[in-house]
1. Can you tell me which residue in region 218-256 is nearest to I167 (Cα to Cα), limited to those that are touching a Ser or Thr at 6+ places or on another chain (Cβ under 6 Å) and of a type in the set (V, I, T)?
2. Inside region 252-268, can you point out the residues that are modelled with pLDDT of 90 or more, more than 19 Å from I112 (Cα to Cα) and surrounded by fewer than 22 Cβ atoms within 10 Å (Cβ to Cβ)?
3. Among A222, A185, A211, which is the only one that is in contact with a Gly (Cβ under 9 Å, 6 or more places away or on another chain) and either surrounded by fewer than 21 Cβ atoms within 10 Å (Cβ to Cβ) or at pLDDT 95 or above (or both)?
4. Can you go through S132, S75 and tell me which one is of a type in the set (S, T, Y), buried (at least 21 other Cβ atoms within 10 Å of the Cβ) and either closer than 22 Å to Y282 by Cβ or without any contact (Cβ under 8 Å) to a residue 40 or more places away in the chain (or both)?
5. Restrict the check to region 247-264 and report whether at least one residue is in contact with a Gly (Cβ under 8 Å, 6 or more places away or on another chain), within 30 Å of V144 (Cα to Cα), touching a residue at least 24 places away in the same chain (Cβ under 8 Å) and in a loop (DSSP other than H, G, I, E, B).
6. If you take the residues in region 228-251 that are surrounded by fewer than 15 Cβ atoms within 10 Å (Cβ to Cβ) and not charged (D, E, K, R), which one is nearest to the chain's Cα centre (by Cα)?
7. Among L113, L127, L138, which is within 30 Å of I10 (Cα to Cα) and without any contact (Cβ under 8 Å) to a residue 40 or more places away in the chain?
Amino acid sequence: MNSLSLDIRILRTLQSVSETGNITESARRLGRTQPAITLQLQRLESICGFNLFRSEGRKMVLTPDGELVLTYANSILRLHDELLSRLESPDVEGQVVLGTPDLYASFLLPSILGLFKQAFPRVQVQLQCSLSTPLVRLVHRGEVDLALVTRMNDFSGGRVVRQEQLIWMTGDNSTAHTETPVPLALLPPGNIYRDHAIECLEAARHPWRIACVSESVSGLQAAVFSGMAVTVLGRSALVPGMREIVRGPDFPTLPKVDLLLYKAPGAKSPAANALHDYLAHYLQQLDQGADLRSIPRPPRPADTPAQTTG
């Protein structure tokens, strides 16, 4: 019988370094020291009998042998996490209503909700997509259990779980950004994305006009994809067919915006607590393109009560 065995933590380290290409970033993600990460990789290479990574500049890239080991590691980790999820949360069930703008429902939440569904298969999540301002009113009234929204100037309460860098976007082949006045596709009045876009252009004395107003990100994308307008969205919404406009005198650097997570005062069920904790935990650590499976899961709801906000 083969006496070799593989520690799950070593496989998770392999997975993380393959994604980040960097020991320092993997140490930050996994909550370990850089020497510990290096030691784990060396141990795994010793067990395998070959190099798992090669250096390309400052980035660590998997070797062909490393790619093979990672394929098995991904499968092992997926089954490991699914089993633990089933063992840890068989008694958590119920329905949770989560309100959020469709921007975040489309680009930030799918991977997190996928992990949550694996961990809590008996919890039903109902998404309610709307703009941030009405959602905050709904969560205060208890008509939605949780709300993930953009902080507006008059908002109070909530927990900051992420910051989104706003950027100027146009279509891949669009020349809308060269027009004068520049045509804009924006959310309705009262939205901070819209306010920042207009304030920056006014400060730069760059003429502008409204070419599209949409409450939905799909409407803004349609205007951008068609080449008829420039828009302002968070960097996480930059998708194929769109490109970031290089910052300059005409398009100044935009600020970051806070994402707030609210919890209704009456939402005290284990299901609501669990979703709250998952959203807070993963949104704070989410990097664009990252595989969230490499990030350790939050504690069970019964171990750490969720913070009530709003």
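The values are calculated or read from the model by the stated rules, or taken from the named source; none is laboratory data. The structure displayed is predicted, hence computed values, not measured ones. For neighbour counting, all protein chains shown are included, and Cβ atoms are generated from backbone atoms with ideal geometry for every residue, glycine included.
1. Result: I245.
2. P252, T253, L254, P255, K256, V257, P265
3. Criteria check complete, one pass: A185.
4. On the way: S75 fails: buried (at least 21 other Cβ atoms within 10 Å of the Cβ).
After ruling out the rest, the residue left standing is S132.
5. Taking every residue of region 247-264 in turn, at least one turns out to be in contact with a Gly (Cβ under 8 Å, 6 or more places away or on another chain), within 30 Å of V144 (Cα to Cα), touching a residue at least 24 places away in the same chain (Cβ under 8 Å) and in a loop (DSSP other than H, G, I, E, B).
6. V239
7. L113
Let's see how each residue does on (1) in a strand (DSSP E or B); (2) of a type in the set (D, E, K, R); (3) free of Cβ contacts under 8 Å to residues at least 40 places away in the same chain:
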{"residue": "S174", "(1), (2), (3)": "no, no, no"}
{"residue": "P189", "(1), (2), (3)": "no, no, yes"}
{"residue": "E215", "(1), (2), (3)": "no, yes, no"}
{"residue": "G227", "(1), (2), (3)": "no, no, no"}
